[in-house]
Amino acid sequence: MKDVLIIGSGISGMACAVRSAALGVHVTLVSPFPSERSQSVMAAGGINAVLPGNEEGDSVLSHVEDTLRGGCGLGGEKAVKGLCEHSGEILRWLESIGTVFSVDDRGRPLRRAFGGQTHKRTYYCGASTGKQIVSALVMEARRFEAAGLIERRLWCCFHSALIRDGVCHGAMLFDESRGGLEAAYADAVVIATGGQNALFGKTTGSTQCDGYAAGKLFMQGAELKNLEFIQYHPTTMETPQKRMLISEAARGEGGRLCALRDGKPWYFMEELHPTLGNLMPRDVVSREEARVLADPSCTGQVWLDLRGIRRDVWRSRLSDLREECQHYLGIDPVREPVPVEPGIHYSMGGIRVDADKANAKFTNGILRIELPKAEKTGIRHITIQG
């Protein structure tokens, strides 16, 4: 394979581009905006991984079990196992290309607690993990761009796939700078365009992610899967423009959800779920908040109480969060609780890829999946470096 066309230049698209270019494959990376404006920049909390130095008793098996349990057993076991087994390798690679993870005064990586996890295994970059990863990937992509292996096409939008006799040969692109359609041919096409936030009004995500690419491919014969899985984040705050996310890191560092019940503070997650409390999986926390909001004995508002977090933690790990609360709400979370409610966060479904029914071959570090039903989906193959 000589040429890959990648639609979308967030973390997924850029990572695919960089890993492909490292193998000598020429990549055309298409995006309507610079990567610095992708939704990936908004990711705050961190990445779960099991590495040497984790808490005693932690293991990849425990990570797998927590992940499957957090998904109510609906996640693909092979996919979850593969992700958990390689998460440490992915973290080390991100660090090798310049991602700056938070460390202690001895230079050891810091970890925080996160929802649905039974151990502290979330590695992070302050309160701007996504921004750090995007910055590192942009610099790596520019290095390959200088070598002629990556061509970045900004201000370009996906219009449709170029399909003939059941095989995808590339895509039609709309170039905003030139004001017209043009064809881009490639040996493989990767769609990394995110979810469909724009369908839901005020969400935590970018409305640049409008679901158009997946919808167009569906009209051209591709199968979609799991579209009903819409993730709610339990701690969002309303602003005139959108819903701002209060990162799960806030609860990982000691934030507590509460409501006024019969005039008294009620830390309901700690009472209802004493094992993990405020760090239950997001769907569980969101449902409990909805019940509290509908409870006639409560005041109709859920609060995130962050007053117990130490000042040094605010300075070193949550400074961005404090600034956002002050700027958008006029509230200093060090001194007073923050009003929160569940908000639409991620789209978990998308274009169907069934690796179990595919003819997969692993050669020289490359996993090549020959997809069945190519005559129906119009997608010939997917190639993954890993």
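In table form, for the structure just shown:
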item: Identity of the residue in the range 304-326, closer than 22 Å to residue 240 by Cα and within 25 Å of the chain's Cα centre (by Cα), that ends up surrounded by the most Cβ atoms within 10 Å (Cβ to Cβ); result: 321
item: Pairs, first among the hydroxyl-bearing types (Ser, Thr, Tyr) in the range 126-149, second assigned to a helix (DSSP H, G or I), C-beta under 6 Å, six or more apart; result: 128/320
item: Search result, residues across the range 281-323 that are among the basic types (Lys, Arg) and without any contact (Cβ under 8 Å) to a residue 60 or more places away in the chain; result: 287, 291, 307, 310, 311, 315, 322
item: Subset of the range 163-180 [open to solvent by 40 Å² or more (accessible area, probe 1.4 Å), over 25 Å from residue 353 (Cα atoms), without any contact (Cβ under 8 Å) to a residue 60 or more places away in the chain and of a type outside the set (Phe, Trp, Tyr)]; result: 177, 178, 179
item: Test result for residue 124, among the aromatic types (Phe, Trp, Tyr) and either modelled with pLDDT under 95 or crowded, with 20+ Cβ neighbours inside 10 Å (or both); result: yes
item: Tally, over the range 17-65, of residues that are crowded, with 22+ Cβ neighbours inside 10 Å, in contact with a strand residue (DSSP E or B) (Cβ under 9 Å, 6 or more places away or on another chain) and part of a helix (DSSP H, G or I); result: 6
item: Unique residue being over 25 Å from residue 281 (Cβ atoms) and surrounded by 15 or more Cβ atoms within 10 Å (Cβ to Cβ) when the list is 222, 183; result: 222
item: Those residues of the range 161-217 which are in a strand (DSSP E or B), farther than 19 Å from residue 28 by Cα and of a type in the set (D, E, K, R), in sequence order; result: 164, 210
item: Residue match in the range 24-47 (condition: within 20 Å of the chain's Cα centre (by Cα), more than 24 Å from residue 138 (Cβ to Cβ) and among the basic types (Lys, Arg)); result: no
item: Wholly within the range 264-381, helices (runs of 4 or more DSSP H) carrying at least 3 residues that are at pLDDT 90 or above; result: 268-272, 282-294, 311-317, 319-329
item: Residue in the range 240-260 that is open to solvent by 40 Å² or more (accessible area, probe 1.4 Å), part of a strand (DSSP E or B), of a type outside the set (A, V, I, L, M) and at pLDDT 95 or above present; result: yes
item: Residue in the range 152-162 that is more than 27 Å from the chain's Cα centre (by Cα), open to solvent by less than 60 Å² (accessible area, probe 1.4 Å) and in contact (Cβ under 8 Å) with a residue 40 or more places away in the chain present; result: no
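The values are calculated or read from the model by the stated rules, or taken from the named source; none is laboratory data. None of the values given here were measured: they were computed from a predicted structure. Glycine also receives a Cβ, built like all others from the backbone with ideal geometry; neighbour counts cover every protein chain displayed. Surface accessibility is based on the protein's heavy atoms, side chains included, excluding ligands, DNA and RNA. Shrake-Rupley method; radii C 1.70, N 1.55, O 1.52, S 1.80 Å.
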